[in-house]
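Each remark here refers to the structure printed beneath this line.
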Amino acid sequence: MLAALLVVLLLIAGGVWLAQGSDGAATKAATAPSKAASVPAAAPASAASQAPPPVAPATAASTAASSPASTAAQPSPSLPPTPAPSAPASAAAAPTPAATPDAPAGYQLYKDSSGFSIQLPSWLAFDASASGATSHVFDGNGVRLQVDWTTSPGPSAVAAWQQEEPSVRNSVSNYQRLQLKAITYGAWSNASDWEWTFGSGTLRHSLNRGFVTGKYGYALYWTANDSDWNSPELSQARETGFASFQPAP
């Protein structure tokens, strides 16, 4: 039942904004897969860490978001955090971690093969089995960050999030919107934050930030247990990730 729900959510919360062409015509996630963007995901060890496979849109543009992570209980970030094991090799090229003097202690600068870079804590490791050609996933300690990108972003991140929200609300338990609004994010245009909680039993918390950097549209999509959301470790991870993100040239 959980797997079916995740598949449904993946299809309805596929990031219309990033899946649209520049003319605003939405692509259909359920049509023929793109040769450039489709990488199947391997089955994870448990539902708690399950990352749904990326949707293969009808064009080479990738989707902006996937379904929220499982509502099952997950471990919280700890002090000191336990580094996650290295992800196995797959068709998705792994980012290259590198030490940088600008990163906080215990952080690494990940230089992605697609051209973007981001500083993340060592306990967030690249997950090759959950990543695709235009969607790279980092996870560990019950936290998940998904970075999606496309070269043909649509005209409005806010409008896309507003369009998708009813489907997400009707497909998860106890959906509660926290914010859905345009934001100022560096020098980049068309930025928007969509934040919500969901789930029964263990409450989950998601924040999906969409923005356009010029050539590319990106979405930085965080999900964790709500009880951990404002912890010092997770707050620093989000703030550092957002502040350090650099798009592909």
J(HN,Hα) series, segment 234-245, from Karplus relation 6.51 cos²θ - 1.76 cosθ + 1.60, nearest Hz, glycine and proline x: 6, 4, 5, 4, 5, 4, 5, x, 5, 5, 8, 4
Two-site FRET efficiency, Thr151 against Asn174, from Cβ-Cβ distance with R₀ of 30 Å, rounded to 0.05: 0.25
Label-to-label distance, nm, for residues given as Ala182 and Glu165 (7 Å Cα→Cβ offset): 1.5
Two-site label geometry, Ser189 and Ser235: point separation in nm, points 7 Å out along Cα→Cβ: 3.5
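A short reminder: the numbers here are calculations on the coordinates, not readings from a lab. Only a predicted model underlies this, so the values are computations on that prediction, with no experimental measurement involved. Cβ coordinates were reconstructed from backbone atoms using ideal geometry, including for glycine residues, and neighbour counts include every protein chain displayed.
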